[in-house]
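Peer 1: Below is one structure. I have some questions about it.
The numbers here are math on the coordinates, done by the rules we state, and not lab data. Because the structure is predicted, anything quoted here is derived from the model rather than measured. Glycine gets a Cβ as well: all are built from the backbone with ideal geometry, and neighbour counts include every protein chain shown.
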Ligand SMILES: NC(=O)c1ccc[n+]([C@@H]2O[C@H](COP(=O)([O-])OP(=O)(O)OC[C@H]3O[C@@H](n4cnc5c(N)ncnc54)[C@H](O)[C@@H]3O)[C@@H](O)[C@H]2O)c1
Ligand SMILES: O=C(O)C[C@H](O)C(=O)O
C-alpha cells in the first residue's frame, strides 16, 4: 500500500517503465510512451510534482475516452526557413511538444532561430521540459502553451485566460542550464488542488472569488474562484502574449474554446495551442564569448549581498537541478497525492504499481 513516508523512493527507471506500461496498454506506441514518460518523470525529478507523473491518470482517461489519439502522430502542417506550424493531431501533448521543439532546434541550426507554433495539442505538462531540451542542444529555448481559462484579469469576476505556462532555458558552459518554468498565475492551479487534498490552507494572493474579491477558500477553485495573475496586470499581459503566440497564431482553440484535459467529455480533443522558440547562440555570437558572458552574469548575481537568513541568491532552476541530483542518487520521493494518482492510474489500466 502506498504511503507518504519521505524516505521511501522509486528510481527514475522504475517510474518511467511504469508510465510506459500504462501508456502502451492503452495503445500508445512504444516511442511515444517513452517520450511522454521521460517528460513526466523528469518533471518529478525537479520536484515539480504537480506536473509530473501525477498527470498520467488524467491522460490515460482521455486516451481511453478517445479525446487523445493513440494512432496518429504530430506532423508539420506548414513551414518556412525559420518557422513551422505543427499539427498535433490530438496526440499526447508531451509527444507533440517534444516533436515541435525538435523542429524548432532543427530550424535554428539552419536559420539561427526556429519558431514553431502548434495546433491540436493537449495539456503538455511542465513548459520547462521543452525549453530545457533546447538548452541541452546548446540553444536558448522558450516554451509556452495556452490552457482552459483559470486565471482572472485585473477587475474580472471570473477566469479570462489559462494559467498559460511559459519557460525559458539558457545553457551554461560548465554548470546547469538556467531554467525558469512558471505559470502566469501566482501559482499553478495544480498547487491549489494539492493543498486542498492535503487539507492545507490556501495562502493569501493565490485566488479571487466570483465577485473578483480575494479568497483563501480553495474548495471554490475552479468552479467559483480563479487564480490571481502573478504581478496583476503584468502577469495578465504576459498571459495575453502567450495566448496570441500559442493560441491565435497557431489556429488552435483560444481561451474558453480550449477544452479541459482533466474534466468534462473525455472523448473530445482539447485543441490546446503551444509555441516553441529555439535560438542558436552560435549564429549570433562566438559560443565561448557567450558562455563567458553568461558565467559572468551568474557570478555577479551569486556575489550580491543577501538579506538576513538568505545564504545566496538563486538562479531560476537551481532548486530543480539540486532536486534532480538527489533523485538520481537516491530515487524520487513522491508525495502522497502523486502516489494516490499513480495507484489509480495503475488499477484503472490493470498495470501493477509498487511503491
Ligand atoms: N500545462 C499547463 O497548462 C500548465 C499550466 C500552468 C502551470 N504549468 C506548470 O506548472 C509548474 C509550476 O508553475 P508555477 O507557476 O506554480 O511555478 P512556481 O511559482 O513554483 O515558480 C517556479 C519557477 O520559479 C523559480 N524560482 C522559485 N524560487 C526562486 C528564487 N528564489 N529565485 C529564483 N528562481 C526561483 C524556479 O526555479 C522555477 O523556475 C511549471 O512547470 C509550469 O510549466 C503547466
Ligand atoms: O490543470 C490545468 O489545466 C492547469 C494547469 O496544469 C495548472 O496547474 O494550472
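Peer 1: Measure off 7 Å from each Cα along the Cα-to-Cβ vector at residue 17 and residue 31, then give the distance between these two points in nanometres to one decimal.
Peer 2: Reported label-point gap for residue 17 and residue 31 is 2.4 nm.
Peer 1: Gain in length, residue 296 to residue 344, computed as 0.36 nm per residue apart minus the alpha-carbon separation, to one decimal in nm?
Peer 2: Working: separation 48, 0.36 × 48 = 17.28 nm, distance 4.78 nm.
Extra length available between residue 296 and residue 344 comes to 12.5 nm.
Peer 1: Modelling each spin label as a point 7 Å along the Cα-to-Cβ direction, I'd like the residue 172/residue 256 distance in nm, to one decimal.
Peer 2: 4.6 nm
Peer 1: Ranking 102, 308 by Cβ neighbours within 10 Å, fewest first, what do you get? Don't jump to the answer; show the numbers that get you there.
Peer 2: Working: 102 18, 308 4.
Ascending Cβ contact count within 10 Å gives the list 308, 102.
Peer 1: Ok, one more. Please label the shape of the chain as rounded, prolate or oblate, based on the square roots a ≥ b ≥ c of the eigenvalues of the alpha-carbon gyration tensor (a/c under 1.5 means rounded; beyond that, a/b larger than b/c means prolate, else oblate). Provide the component values of the computation, followed by the final result.
Peer 2: Values: a/c = 1.17, a/b = 1.11, b/c = 1.05.
In terms of gyration-tensor shape, rounded.
Peer 1: Applying 1/(1 + (r/R0)^6) with R0 = 30 Å to the Cβ-Cβ distance of residue 136 and residue 303, what FRET efficiency is obtained, to the nearest 0.05?
Peer 2: Details: r = 28 Å, r/R0 = 0.92.
Computed FRET efficiency for residue 136 and residue 303 comes out at 0.65.
Peer 1: If you line up the Cα atoms of segment 203-354 on their principal axes, what length do they span on each, largest first, in Å?
Peer 2: So the three principal-axis extents are 52, 43, 39 Å.
Peer 1: Test of understanding: what is the full-extension gain from residue 312 to residue 77, defined as 0.36 nm times their sequence separation minus their Cα-Cα distance?
Peer 2: Taking residue 312 through residue 77 to full extension adds about 79.9 nm, to one decimal.
Peer 1: What FRET efficiency comes out for residue 282 versus residue 326 if R0 is 45 angstrom and r is the Cβ-Cβ distance? Round to the nearest 0.05. List each step's numbers first, then the result.
Peer 2: Details: r = 33 Å, r/R0 = 0.73.
Given R0 = 45 Å and the Cβ-Cβ separation, E is 0.85.
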